[in-house]
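The values are calculated or read from the model by the stated rules, or taken from the named source; none is laboratory data. From a predicted model like this one, the values you see are computed outputs, not experimental measurements. Here the Cβ positions follow ideal geometry from the backbone for every residue, glycine too, while neighbour counts run over all protein chains shown.
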Amino acid sequence: MAVPSPIVAGNWKMNGLKQSFEQIDAVSSFLSSKTKPTCRVLICPPFTLLNQFASLASDDLAIGAQDCHFNASGAHTGDISADMIADTGATFVIVGHSERRADHGESNELVSGKAVAAQSAGLNAIICIGETEDERDAGDTLSIVIGQLEGSVPASANASNTVVAYEPVWGIGTGRTPTIGDVATVHAAIRSALIKRFGEQGSTVPILYGGSVKPSNADELMHVENVDGALVGGASLKATDFDGIIDAYRK
């Protein structure tokens, strides 16, 4: 059975100004000057920096966006289409992040539509799923996560155009992380659901873990079975911290 190619992705969220170019330049320098990691590396800056950052894209470093509209064009003031993202040279886009689901009321159906738009534009869609603290405390983690997976991942998904990112909402930016056993259980359930739906193709879709990933816990988390990399938030804003996470794939 083929093994998914791991990815370490940085989600900068609503952070970063023009001077932040020095951070991505530093990441690029780390990747070229140190031992090459066995993972793909990706940074998703805010839209305002996307075009500038995409100029640094290389075989070592990919650039992605944090969201897209489900339509290719039209009267959607303030929105960005997947084709516009691809036009910058970016190759990935995050869809369905818990902050989008919570702050903008995004449903599984909407997230699936965005994923289809991304794939149609030639982008790789990183589809986020994860439970809240209340859902976890109620013992509903697996039903919520698999329900989101089934509703958010479109039939067009395959290992070449889709990444799944599991982010326990209660662990994002809080410093809290599930136990290694908890992570293993959820990722195993996600893998089983992908294989059940897509057959052999489902075994090679990367499944990332996100939620307070940092250099101090990255090595342990990245070596959990069915964890194929990380979706990193705050720790991706500083090149040295982000590189410390990438180091988990240099051993």
Does Ile190 satisfy being among the β-branched types (Val, Ile, Thr), buried (at least 18 other Cβ atoms within 10 Å of the Cβ) and part of a helix (DSSP H, G or I)? yes
Matching residues in the range 36-57 - criterion: being touching a helix residue (DSSP H, G or I) at 6+ places or on another chain (Cβ under 9 Å) and more than 22 Å from Ala82 (Cβ to Cβ): Pro37, Thr38, Cys39
Within the range 69-110, restricting to residues that are part of a loop (DSSP other than H, G, I, E, B) and of a type in the set (S, T, N, Q), the one that is surrounded by the most Cβ atoms within 10 Å (Cβ to Cβ) is Thr91
What are the pairs, 6+ residues apart or on separate chains, where a residue within the range 205-219 that is touching a residue at least 24 places away in the same chain (Cβ under 8 Å) and among the acidic types (Asp, Glu) has its Cβ under 8 Å from a residue that is part of a helix (DSSP H, G or I) and surrounded by fewer than 23 Cβ atoms within 10 Å (Cβ to Cβ)? Asp219/Asp247
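Only one residue in Val224, Val213 is surrounded by fewer than 19 Cβ atoms within 10 Å (Cβ to Cβ) and either modelled with pLDDT under 95 or not in a helix (DSSP H, G or I) (or both), so which one is that? Outline the logic, then answer.
Details: Val213 fails: surrounded by fewer than 19 Cβ atoms within 10 Å (Cβ to Cβ).
Only one candidate passes the filter, namely Val224.
Yes or no, residue by residue, for (1) outside any loop (DSSP other than H, G, I, E, B); (2) closer than 24 Å to Pro206 by Cβ; (3) modelled with pLDDT of 95 or more:
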{"residue": "Ala26", "(1), (2), (3)": "yes, no, yes"}
{"residue": "Ser32", "(1), (2), (3)": "yes, yes, no"}
{"residue": "Leu49", "(1), (2), (3)": "yes, no, yes"}
{"residue": "Ala62", "(1), (2), (3)": "yes, yes, yes"}
Within the range 236-251, how many residues turn out to be under 14 Å from Leu42 (Cβ atoms) and either under 15 Å from the mean Cα position of the chain (by Cα) or outside any helix (DSSP H, G or I) (or both)? 4
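Between Tyr166, Tyr249, which is surrounded by 18 or more Cβ atoms within 10 Å (Cβ to Cβ), hydroxyl-bearing (Ser, Thr, Tyr), touching a Phe, Trp or Tyr at 6+ places or on another chain (Cβ under 9 Å) and in contact (Cβ under 8 Å) with a residue 12 or more places away in the chain? Give the derivation first.
Details: Tyr249 fails: touching a Phe, Trp or Tyr at 6+ places or on another chain (Cβ under 9 Å).
Sole residue among the options that is surrounded by 18 or more Cβ atoms within 10 Å (Cβ to Cβ), hydroxyl-bearing (Ser, Thr, Tyr), touching a Phe, Trp or Tyr at 6+ places or on another chain (Cβ under 9 Å) and in contact (Cβ under 8 Å) with a residue 12 or more places away in the chain: Tyr166.
Quick check on this structure: which one of Glu133, Glu167 is over 24 Å from Pro4 (Cβ atoms) and touching a helix residue (DSSP H, G or I) at 6+ places or on another chain (Cβ under 7 Å)? Write out each step before concluding.
Details: Glu167 fails: over 24 Å from Pro4 (Cβ atoms).
Result: Glu133 is the single residue among Glu133, Glu167 that is over 24 Å from Pro4 (Cβ atoms) and touching a helix residue (DSSP H, G or I) at 6+ places or on another chain (Cβ under 7 Å).
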Pairing a residue in the range 1-24 that is within 16 Å of Ala90 (Cβ to Cβ) and surrounded by 10 or more Cβ atoms within 10 Å (Cβ to Cβ) with any residue that is of a type in the set (Lys, Arg) and modelled with pLDDT of 95 or more, where Cβ atoms lie under 8 Å and the two sit 6 or more apart in sequence or on different chains, gives Ile7/Arg40
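Within the range 111-160, which residues are in a helix (DSSP H, G or I), among the small types (Gly, Ala, Ser) and crowded, with 23+ Cβ neighbours inside 10 Å?
Step one: filter the range 111-160 for residues in a helix (DSSP H, G or I), giving 111-120, 133-137, 141-152.
Adding the requirement that they be among the small types (Gly, Ala, Ser) leaves 112-113, 115, 117-118, 120, 143, 147, 151-152.
Listed by number, the residues that qualify are Ser112, Ala115, Ala117, Ala118, Ser152.
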Failed criterion for Ala230 (all others in (1) crowded, with 23+ Cβ neighbours inside 10 Å; (2) part of a loop (DSSP other than H, G, I, E, B) hold): (2)
